[in-house]
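Chemist: I have a structure here, written as structure tokens, and I will follow up with some questions on it.
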Amino acid sequence: MNAAESFNLRLIPLLPFLGAAILILFGRGFKRGTVVAIAAGAIGAAAFLSFSAFFQVLPAVAEEGGLRDVVWKWIAVGNLSIDLAFRMDALSGLLCLIITFIGFLIHLYAAGYMEHDPDYARFFAYLNLFCGSMLVLVLGDSMPVMFVGWEGVGLCSYLLIGFWYSETANANAGKKAFITNRIGDFGFLIGMFLLFHATGTLRFSEIGPLATAGSTLMVPYWGMPLAFWIGLFLFIGATGKSAQLPLYVWLPDAMAGPTPVSALIHAATMVTAGVYMVARLHALYVLVPALMAIVALVGAATALFAAIIGFAQNDFKKVLAYSTVSQLGFMFVGVGTGNFSSGVFHLYTHAFFKAGLFLCAGSIMHAMSGSGDITKMGGLRKLTPWTHGVFVVCWLAICGVPIFSGFFSKDAIVAGAFATEAFGTGNLAWVGPVVGSMLLLAALGTAFYMSRLYFLVFSGASRADHETQHHIHESPSIMVVPLVILAIGAGLGGFVGVPGGLLGHPEWNLLGEWLTSSVGPELEVPHNTEMTFMAISTGLALLGIFLARAFYGGGYREPATKFASSFPGFVQLVRDKFRVDELYAAVIVRPLRGLSVALFRIVDRVLIDKLLVGGTAAIVDLLGRITRSFQVGDGQRYMAAFAVGAAALVFFATRPTLPAHLKVNVSGTTVTVDASRAGRQSQRGLTYAFDFDDDGRSEVTGTSPEARYTYDKAGTHTIRVTVTDPRWHTESHIKSEIDLGNGGRN
Amino acid sequence: MMPAFYYLCLSFVLFVIGTAGVLLRRNALIVLMGIELQLNAGNLAMLTFARQLGDEKGHAFAFLIIALAAAEAAVGLAILVSLFRARQTINLDEASLMKR
């Protein structure tokens, strides 16, 4: 066994699955402490294994493609062979660390947050199930294994969004997330099929070397190389899972789930799966500049669009949700501009600061008696000091203030967009600067709406009612400790990936170096470009913060109310999220529902219920009525029927098959015998056997009633004919004597 | 010797009379008698063919059927007696437990 296969990677996803299984089967009877110990223990052990695999085993084998663990051969059909196998290289290893580490912190936090929930065990079972599925997703060695994880996390997302299912709105939000993701998954499947069609393999390690300019991937279809269509369909899957235009609508509604779920699934891990997938298949995506342009443009448009919606949201978690959509857009620009390591870098920093922000939101809502309405908050800085401190760090990180983690990753993406050569020098060269400029605007917007959130929640005086104000308290330490750890990550985590162009030390970009073996080297950005955009984005971040302070510092200030009253229509439109949900409802949902109702009424009600089901019953009923009339209950009538039937049987079985006399026609020594009987004899399938010389053997046999025979000599002969009726197996015989005299001879 | 045809005609007539008795009469005793007639019509046909074809098997069968008919009469009459004890009637319509 070589080093690459020496580690039992399967244990990493298996442990959370095991935890989930135990909790689902037996969790109801467990004490709360036991539930937490099992759930957090499982994910903690997975985290420990991930760290030891990543830091102890992986460095030695990273260049050869990383660790690999084949569990069993899963599917073998024709030339398709898929192993259930896991692979940890730098990219999947990093994701593994993020999932298990942040997952572990959020499990701890949830132990405090869900303290009063009666369905404690079910919650942790789902959370463990999610972690296992997510680990399968990132560790999967091939597209189908990844897809299993992809669907698994979608299921867990659905289950956890609708966790408090007794409220219809929550259940509907879960359904919306699931159905929207189904649309994306459809694209993912098509992309996977096309990929297999083009390359004959679905293993990531085999796709990379095949993705060259001359390969079957570049065969043109409808004017574009096949790789374009593969990448596009897979990207549709990514827009569903990672909440990009046009399929982002489910994520804001997903905030109906418990806050730890929002932090783990809908901010830190699952929603980044699309980014991970594109980075995983980077070799495929860089083949076609137009494909990269689509990814980058969709990402940039989403980043900007969601940031604008974020301006006018009044629910704490909704603001963060749109912020997540926006930041995912940043990541897609990163991978879409060929700047894969920076996209993954932003994924990593975002996981920390966004998880931190969400957990702060949970902590605040905990303090505010469950309400997330920021118009009713304010003045929480003194009352919840720890949460405030953590929020400040994460807020500065997402705004992109220097030295905080978000600064480095966002800067790497923006500068990369301007410096990239992924779109060539041809007619797509405009894409880089355009998406870069859009991102700068989105960064300004991010700084503004996040600062608005900060000022409205923490500064000034409280706008809550007395009852609520009285109850405001800091959260217990089991919630605060994970918050602080996340804040440390959000504050300092950026230093593992200082862009090479920034200080002129590419070797300081540890993350970029790690990822080189998985997604290629860091995009080289000239020092000047890097410095310029660092300055611009820092300026924009500060500008956004100061603008927000002018509008909202200490509560709703005059500029904010004035702006709102001067453009009431626009503000309302933004608050209504540009009414995209209403548009989808009118264009897609309602026609679909109408069609479903029509099909239900016609096909289900009429065709199936009435015609098929009812019809079958009616036929059986009719037959029953008819046969029932025979059963009169009089034994003598039954006997009569029996006698008639027996008589009929005898009549048919003994119908004569032969004439009374054979017709014999003599001509010399040749005789022609006709054994046919008047009537429809031919239809009975009779077979005739003719014995002309009375020796017991038939000279002529067949289905014809006529036969001809020539005798050697004249004289008297006996002719016997045997007729067999194959339906009754009855035989009839007839014989006839003929005297040929001396005719023919002498 | 009379032709076999006459014997067979007699056998047929006997059988039809027996069958009519079984099917039409409601008195269980008469029905039993009808069955005896049918059996003996069969016996007569057996013997006719046995004589015509010179085959002893027909005679053997006839004896068998006579024994059978005797046993059947004994059991049938016993049933009738107990039926009468139980119901005070041997009318088939009144004794029947089947749906009417």
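What follows draws every value from the coordinates through simple rules; no lab data is involved. A quick note: this is a predicted structure, and the numbers were derived from the prediction, not measured. Note that we place each Cβ from the backbone using ideal geometry, even for glycine, and neighbour counts take in every protein chain shown.
Chemist: When all alpha-carbon pairs of segment A:177-236 are counted, what percent fall beyond 16 Å?
Modeler: The answer is 45 percent, as a whole percent.
Chemist: Give the angle, between 0 and 90 degrees and rounded to the nearest 10, that separates the Cα long axis of helix B:4-24 from the longest principal axis of the Cα atoms of chain B.
Modeler: Roughly 10 degrees between the two axes.
Chemist: Could you give the angle, 0 to 90 degrees to the nearest 10, between helix B:57-87's Cα long axis and the longest principal axis of the Cα atoms of chain B?
Modeler: It works out to around 10 degrees.
Chemist: Please compute the modelled spin-label separation between residue A:473 and residue A:641, points set 7 Å along Cα→Cβ, answer in nm with one decimal.
Modeler: Those two pseudo-labels are separated by 8.5 nm.
Chemist: Additional query: Using just the C-alpha positions of segment B:4-91 as equal point scatterers, what log10 of I(q)/I(0) does the Debye formula give at each q in 0.14, 0.18, 0.26 1/Å?
Modeler: Scattering profile of segment B:4-91, log10 relative to I(0): -0.56, -0.80, -1.18.
Chemist: Also, quick follow-up: Determine, from the Cβ-Cβ distance of residue A:527 and residue A:63 and an R0 of 35 Å, the FRET efficiency 1/(1 + (r/R0)^6), rounded to the nearest 0.05. Could the numbers behind the result be given before it?
Modeler: Values: r = 29 Å, r/R0 = 0.82.
E(calc), rounded to 0.05, equals 0.75.
Chemist: Binning at 5 angstrom from zero up to the longest distance, how are the C-alpha pair distances of segment A:653-739 distributed in percent?
Modeler: Per 5 Å bin, starting at 0, the Cα pair percentages come out as 3, 14, 28, 26, 15, 9, 4, 1.
Chemist: While we're on this one: Name the residues of segment A:124-157 whose amide N is less than 20 Å from a point 7 angstrom out from the Cα of residue A:79 along the C-beta direction?
Modeler: So the set is A:142-144.
Chemist: Please list, or write none, the aspartates and glutamates whose alpha carbon is within less than 13 Å of the alpha carbon of residue A:713, excluding same-chain residues fewer than 8 places away.
Modeler: Reachable aspartates and glutamates: A:693, A:739.
Chemist: Let me ask something else. Give me the distance in nm between label points sitting 7 Å out from Cα along the Cα-to-Cβ direction at residue A:704 and residue A:611, one decimal.
Modeler: Those two pseudo-labels are separated by 5.3 nm.
Chemist: For a quick check: sort B:9, A:394, A:96 by the number of other beta carbons within 10 angstrom, fewest at the front.
Modeler: Starting with the residue having the fewest Cβ neighbours, the order is B:9, A:96, A:394.
Chemist: For the residues A:709, A:120, what sequence is obtained by ranking on other C-beta atoms within 10 Å, fewest first? Don't skip to the answer; put the middle values down first.
Modeler: Numbers: A:709 17, A:120 22.
In increasing order of surrounding Cβ atoms, one gets A:709, A:120.
Chemist: Here's a follow-up. With a ≥ b ≥ c taken as the square roots of the eigenvalues of the C-alpha gyration tensor of segment A:362-575, please select rounded if a/c is under 1.5 and otherwise prolate if a/b is larger than b/c or oblate if it is not? List each step's numbers first, then the result.
Modeler: Numbers: a/c = 2.86, a/b = 1.58, b/c = 1.82.
Oblate, because a/c is 1.5 or more while a/b does not exceed b/c.
Chemist: Find the relative contact order for segment A:362-575 and round it to a whole percent, using C-alpha pairs within less than 8 Å whose residues are 6+ positions apart.
Modeler: Details: 294 pairs, mean separation 69.4, N = 214.
Rounded, it is 32 percent for segment A:362-575.
Chemist: How tilted is helix A:143-161 with respect to the longest principal axis of chain A? Cα atoms for both, answer in degrees (0 to 90, nearest 10).
Modeler: Tilt of helix A:143-161: around 70 degrees.
Chemist: Something else about it: What is the calculated FRET efficiency for residue A:590 to residue A:648, with r their C-beta to C-beta distance and R₀ = 56 Å, to the nearest 0.05? If you can, show how the numbers build up before the last one.
Modeler: Values: r = 67 Å, r/R0 = 1.20.
Between residue A:590 and residue A:648 the formula returns 0.25.
Chemist: Please arrange A:413, A:588 by counting, for each residue, the other beta carbons lying within 10 Å of its beta carbon, fewest first. All intermediate terms of the calculation are to be shown ahead of the outcome.
Modeler: Values: A:413 32, A:588 11.
Listed from fewest to most nearby Cβ atoms, that is A:588, A:413.
Chemist: Is the protein assembly as shown best put as rounded, prolate or oblate by its Cα gyration tensor, with a ≥ b ≥ c the root eigenvalues, rounded for a/c under 1.5, and otherwise prolate when a/b is larger than b/c, oblate when not? It would help to have the intermediate numbers written out before the result.
Modeler: On the way: a/c = 3.72, a/b = 2.48, b/c = 1.50.
Prolate, since a/c reaches 1.5 and a/b exceeds b/c.
Chemist: So, one more: Can you give the local net charge around residue A:59? Use residues other than it whose beta-carbon is closer than 13 angstrom to its beta-carbon, Lys and Arg +1, Asp and Glu -1.
Modeler: On the way: positive: none; negative: A:63, A:64, A:89, A:513.
Every neighbour counted, the sum reads -4.
Chemist: Roughly how many Å is it from the Cα centre of segment A:357-380 to that of segment A:178-248, as a whole number?
Modeler: 41 Å
Chemist: Take the alpha-carbon centre of segment B:28-78, take the same for segment A:543-576, and report the distance between them in whole Å.
Modeler: Using only Cα atoms, the two centres lie 116 Å from each other.
Chemist: With label points built 7 Å along Cα→Cβ from the Cα atoms of residue A:148 and residue B:55, find their separation and express it in nm.
Modeler: Placing both labels 7 Å along Cα→Cβ, they lie 7.5 nm apart.
Chemist: Given N residues in segment A:595-746, what is Rg(Cα) / (2.2 N^0.38 Å)? Before the final figure, lay out the partial values.
Modeler: Values: Rg = 29.2 Å, N = 152, 2.2 N^0.38 = 14.8 Å.
In units of the globular-protein estimate, segment A:595-746 measures up at 1.97.
Chemist: So, R0 is 25 Å and r is the distance between the beta-carbons of residue A:37 and residue A:155; what FRET efficiency does that work out to, to 0.05? All intermediate terms of the calculation are to be shown ahead of the outcome.
Modeler: On the way: r = 25 Å, r/R0 = 1.00.
The calculated FRET efficiency here is 0.50.
Chemist: Can you report the principal axis dimensions of segment A:1-143 using only the alpha carbons, biggest first, rounded to whole angstrom?
Modeler: That works out to 51, 36, 22 Å along the principal axes.
Chemist: What's the long-distance tail for segment A:465-585, i.e. % of Cα pairs beyond 20 Å?
Modeler: Values: 5280 of 7260 pairs.
So the portion of pairs separated by more than 20 Å is 73 percent.
Chemist: I would also like to ask the following. Quick one: of A:317/A:562; A:354/A:410; A:31/A:354; A:382/A:410, which pairs are farther than 24 Å apart, Cα to Cα? Walk me through the numbers before you get to the answer.
Modeler: Details: A:317/A:562 26 Å; A:354/A:410 14 Å; A:31/A:354 31 Å; A:382/A:410 31 Å.
The answer is A:317/A:562; A:31/A:354; A:382/A:410.
Chemist: May I ask you to compute the full-extension gain from residue A:694 to residue A:736, defined as 0.36 nm times their residue separation minus their alpha-carbon distance, rounded to one decimal in nm?
Modeler: Working: separation 42, 0.36 × 42 = 15.12 nm, distance 1.04 nm.
Contour length minus the Cα-Cα distance gives 14.1 nm.
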